[in-house]
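A short write-up of the structure that comes next.
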Amino acid sequence: MSTRYFSDKQEKHIAKVTGGKVQSNSGGTKFGGGDVHTDKFFIEAKTPTEEKQSFSIKRDWLTKVKEQAFEQGKERWALAFTFDPDKQENFYVISENEFLEYLVYKEMKV
């Protein structure tokens with residue numbers, strides 16, 4: 001199966017669980033991008049075409065997602081990735097500031 005098949009599957013899943021919308025042709029435009037958009041989040045999704053034991057995150061991906069989030073007027077960004085395209089388990093890379101906000105929120109939910 002093609003890379004696009006696995007990407008579409010991942011993007012649709014992320015959109016479903018986040019209440020977001022898949023950005024059509026996200027990789028095909030110079031501006032815009034982002035695979036899934038919510039009201040506040042800009043999410044870039046990365047998936048392999050077969051199960052992997054490791055997944056490298058490229059600095060360029062993070063730089064690009066931050067820049068595109070700003071261009072799109074989104075308050076937040078995240079990079080989603082999975083180790084196995086057949087399982088719907090994604091992991092999200094966020095900034096330290098974003099994580100600290102999350103930590104405060106979760107710690108207060110006692």
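The values are calculated or read from the model by the stated rules, or taken from the named source; none is laboratory data. All figures in this text were calculated on a predicted structure; none of them were measured in a lab. Backbone-built Cβ (ideal geometry, glycine too); neighbour counts: all protein chains shown. What goes into the accessible areas is simple: the full protein's heavy atoms, side chains included, and nothing from ligands, DNA or RNA. Shrake-Rupley method; radii C 1.70, N 1.55, O 1.52, S 1.80 Å.
Test Lys64 against the stated conditions and say whether it is under 19 Å from Lys12 (Cβ atoms) and either at pLDDT below 95 or touching a His at 6+ places or on another chain (Cβ under 9 Å) (or both).
It is false that Lys64 is under 19 Å from Lys12 (Cβ atoms) and either at pLDDT below 95 or touching a His at 6+ places or on another chain (Cβ under 9 Å) (or both).
Going through segment 30-79 one residue at a time, which ones are part of a helix (DSSP H, G or I), touching a residue at least 24 places away in the same chain (Cβ under 8 Å) and open to solvent by less than 60 Å² (accessible area, probe 1.4 Å)?
The answer is Leu62, Val65, Gln68, Ala69.
Contact list please: Cβ distance under 8 Å, first residue in segment 96-109 and in a helix (DSSP H, G or I), second residue surrounded by 10 or more Cβ atoms within 10 Å (Cβ to Cβ), pairs at least six apart or on different chains.
As it stands, the answer is Glu98/Arg76; Glu98/Ala78; Tyr102/Ile94, since those pairs meet every condition given.
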